[in-house]
1. For residue 33, what residues show an amide H to amide H distance below 5 Å, using hydrogens built from the backbone and excluding near sequence neighbours?
2. Starting from the 7 Å offset along Cα-to-Cβ, what nm value, one decimal, do you get for the label separation of residue 77 and residue 101?
3. Taking only protein heavy atoms into account and a 1.4 Å probe, give the accessible area per residue of the chain in Å².
4. Which length gain, in nm to one decimal place, applies between residue 46 and residue 93 when the Cα-Cα distance is subtracted from 0.36 nm times their residue separation?
5. Counting other Cβ atoms within 10 Å, which GluC sites (Glu not before Pro) in region 31-105 have at most 14 and lie in a DSSP loop?
6. Relative to the longest principal axis of the chain, what angle (0 to 90°, nearest 10) does the C-alpha long axis of helix 64-74 take?
7. Give me the percent of the accessible area of the chain that comes from carbon and sulfur atoms, probe 1.4 Å, all protein chains in place.
Amino acid sequence: MIRVFLVDDDPEVRAGIESVIERHEAELTVVASVGTVNAALEVIESDAAIDVSIVDLGLPDGSGVEVVQALREKQPEAQSVVVTIHEDDDHLFPALQAGAFGYIL
């Protein structure tokens, strides 16, 4: 079972991703779904087991880069994929340097 952590400030986006994951419930499960950096850091600090995180870079209280970095430090085996509307180097490279495995535009 792959444990997925969702971090996006848009509840509709999170709900959409969750509905896709639910269609594959034998292989995937959502361990947490939050909309802010602070809430994401709380989940990470709670020692929730995470295999994959899907993280929006633009969050209301900071950058998803903080989430990627914190997860990498706490659970180095977890893979992070960032979601962003920005395709420029200034947004993508910091996320990749923080430990993101990939990105979705």
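The values are calculated or read from the model by the stated rules, or taken from the named source; none is laboratory data. A quick note: this is a predicted structure, and the numbers were derived from the prediction, not measured. We place every Cβ from the backbone using ideal geometry, glycine too, and count neighbours over all the protein chains shown. Side chains are part of the model used for accessible areas, which takes the heavy atoms of the whole protein and leaves out ligands, DNA and RNA. Shrake-Rupley method; radii C 1.70, N 1.55, O 1.52, S 1.80 Å.
1. Residues meeting the criterion, in which the H sits 1.01 Å from N, are 6.
2. With each label point 7 Å from Cα toward Cβ, the separation is 1.3 nm.
3. Details: 5910 Å² over 105 residues.
With the other protein chains kept in place, the chain gives 56 Å² per residue.
4. Details: separation 47, 0.36 × 47 = 16.92 nm, distance 2.78 nm.
The span from residue 46 to residue 93 would gain 14.1 nm if fully extended.
5. Working: sites: 42, 45, 66, 73, 77, 87; in loops: 77, 87.
In loop regions of region 31-105 (DSSP not H, G, I, E or B), the sparsely surrounded GluC sites (Glu not before Pro) are 77, 87.
6. 60
7. Numbers: 3080 of 5910 Å².
The computed percentage sits at 52.
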